[in-house]
Amino acid sequence: MTVPIDLTTLTIKKAHDHLMRGDFSALDLAEGYLQNIEAKNKELNAFLEVYANVREQAKEADKRIKAGTATLLTGIPIALKDNILVKGEQVSASSRILEGYRASYDSTVVVKLKAAGVVLLGRTNMDEFAMGSSTETSAFGPSKNPFDTSRIPGGSSGGSASAVAGDLALAAVGTDTGGSVRQPASFCGLVGLKNTYGSISRNGLIAMGSSLDIAGPITKTVEDAEIIFNCLKGKDVLDSTSIELKAESGKLKVKEMTIGVPRNFLEMKGIDADVLANFDASVEKLKALGCKIIDISLPTVPHSLAVYYIIMPAELSTNLSRFDGVKFGLHKDGQNLLEDYLRTRTEGFGKEARRRLLLGAYVLSSGYYDAYYRKAISVRTMIEQEFSEVFKTVDVIVTPTTPTPAFKIGEKTQDPLSMYLADIFTVPANIAAIPAISVPSGFVEREGKRLPLGLQLMGAYGQDALLFEVGKSFEGV
Ligand code: GLN
């Protein structure tokens, strides 16, 4: 290695500058991360698999750098959540039911990352099919939080967050259906972006809730998240719900912005006192940046979680019906076709997956469809309208990202409702299809360990760029 690389302070931007100056090569950089993976992955369980061709990818990146055709992401080592398809590589959504399955094509996200010249390090652990907030529903055991390994890193993109926080990858791409990028980012002291629905193609992501899912970056800085977002965004003919974001409004000066604080949302039970104190301090920082702070009322938005737990399982049960033991992965033999299905799905899916599949089939069944699914869709529309109204008077809405800091492994596994509450602040953005970003906002101390917290910034539909501006100013103070 030319110079020892300090991975702890490295960002995409800094690594790019070093690569351009020739301070180290993409291969040196990849070696640095491979060494860290070797040293720490046993404990963190962040990666399920490191791809065999990491060094070859890095050498290709070095050729591009020499040829002068590098992008900002050329040679940058990135981890992928285990629900993003890479042609020829295994992908399992951390489920037994996809045992042995290899992707037959590249997801659009991966097509774009490869075109930019990134080094794909491997696939990271997650909650099974992205159902969870802790990685504990993974068939391959939980990942650990590098700030305190007796705690979870969050979920469902927990392996991705653990990898970046532990310096096993410089950045990661995860997916967010109800908070799965932002919540683990917050628990691990990182930036997590859930961009406007449709702004990144879902082609080649293993679907959870199709009207809610979005891929998004987990990074150390807002600038890095923006770099990855700019690489991945755009309309894609292979995803009919994808969109081209319109040009920004131009109102990007942070000191001219109005920030809304939804007080009613913060008065609910179960929100940690230290989290509230940290949130108040964050609002003060925004005030010091020159933002105008106003209290807003969002009376329907707190119902988002209830709406989510109807719509998400309904879409999930439809999406996961394709895993029948015939087309993909695991197959268990029974006496006849129906028994094949039953055995494969009973043995292939974990407990949380089965719970949600039953719930989804139930809310869609005749007689209950109107009572649950249709009602949830109506409330979803009300929530969308409530946000649109409020965004006429504010530019950004802020909340804590999570109601508590990272919890202990096993602390919530017996109580699914308390686990679901971890997403109370993140789910509304998915329900309303709007962008939201989690930015590190400080630490709390628990049992002698410093645990990170995050501030969530939500913007109006399509206003992702505005969140980057506020986020960058906020992380600078
Ligand atoms: N934690 C939430 C859930 O369990 C969100 C998951 C996600 O965003 N994929 O559904």
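The values are calculated or read from the model by the stated rules, or taken from the named source; none is laboratory data. Just so it is clear, the model here is predicted, and its values are computed rather than measured. Every residue, glycine as well, gets a Cβ built from its backbone with ideal geometry; the counts of neighbours run over all protein chains shown. All accessible areas refer to the heavy atoms of the entire protein, side chains included, with ligands and DNA or RNA removed. Shrake-Rupley method; radii C 1.70, N 1.55, O 1.52, S 1.80 Å.
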Mind counting the residues in segment 159-185 that are closer than 21 Å to residue 38 by Cα and within 9 Å of the ligand (Cβ to nearest atom)?
0
Can you tell me how many residues in segment 15-25 are assigned to a helix (DSSP H, G or I) and over 26 Å from the mean Cα position of the chain (by Cα)?
5
Check off (1) surrounded by 15 or more Cβ atoms within 10 Å (Cβ to Cβ); (2) touching a residue at least 24 places away in the same chain (Cβ under 8 Å); (3) closer than 30 Å to residue 370 by Cβ for residue 299 and give me the number that stays unchecked.
(1)
Consider residue 202 carefully, then state whether it is open to solvent by 10 Å² or more (accessible area, probe 1.4 Å), charged (D, E, K, R) and either on the phi > 0 side of the Ramachandran plot or in contact with a Phe, Trp or Tyr (Cβ under 7 Å, 6 or more places away or on another chain) (or both).
no
Can you name the residue in segment 326-348 that is assigned to a loop (DSSP other than H, G, I, E, B) and free of Cβ contacts under 8 Å to residues at least 60 places away in the same chain and is also nearest to residue 428 (Cα to Cα) among such residues?
327
Among 264, 230, which is the only one that is closer than 18 Å to residue 76 by Cα and without any contact (Cβ under 8 Å) to a residue 40 or more places away in the chain?
230
Is segment 31-39 home to any residue that is closer than 23 Å to residue 181 by Cβ, open to solvent by less than 10 Å² (accessible area, probe 1.4 Å) and assigned to a helix (DSSP H, G or I)?
yes
Quick check on my filter: what residues within segment 137-186 are within 22 Å of residue 205 (Cβ to Cβ), β-branched (Val, Ile, Thr) and either over 15 Å from the mean Cα position of the chain (by Cα) or in a loop (DSSP other than H, G, I, E, B) (or both)?
137, 177, 181
Residues in segment 194-208: is at least one more than 15 Å from the ligand (Cβ to nearest atom), in contact with a strand residue (DSSP E or B) (Cβ under 9 Å, 6 or more places away or on another chain) and closer than 28 Å to residue 279 by Cα?
yes
So, in segment 119-133, exactly how many residues are touching a strand residue (DSSP E or B) at 6+ places or on another chain (Cβ under 9 Å) and either open to solvent by 10 Å² or more (accessible area, probe 1.4 Å) or within 16 Å of the ligand (Cβ to nearest atom) (or both)?
5
List every residue pair whose Cβ atoms lie under 8 Å apart, where the two residues are 6 or more positions apart in sequence or sit on different chains, the first residue falls within segment 190-219 and is without any contact (Cβ under 8 Å) to a residue 12 or more places away in the chain, and the second residue, located anywhere, is within 11 Å of the ligand (Cβ to nearest atom).
none
Can you name the helices (runs of 4 or more DSSP H) wholly within segment 412-477 that have at least 3 residues being within 21 Å of residue 312 (Cα to Cα)?
416-420, 427-432
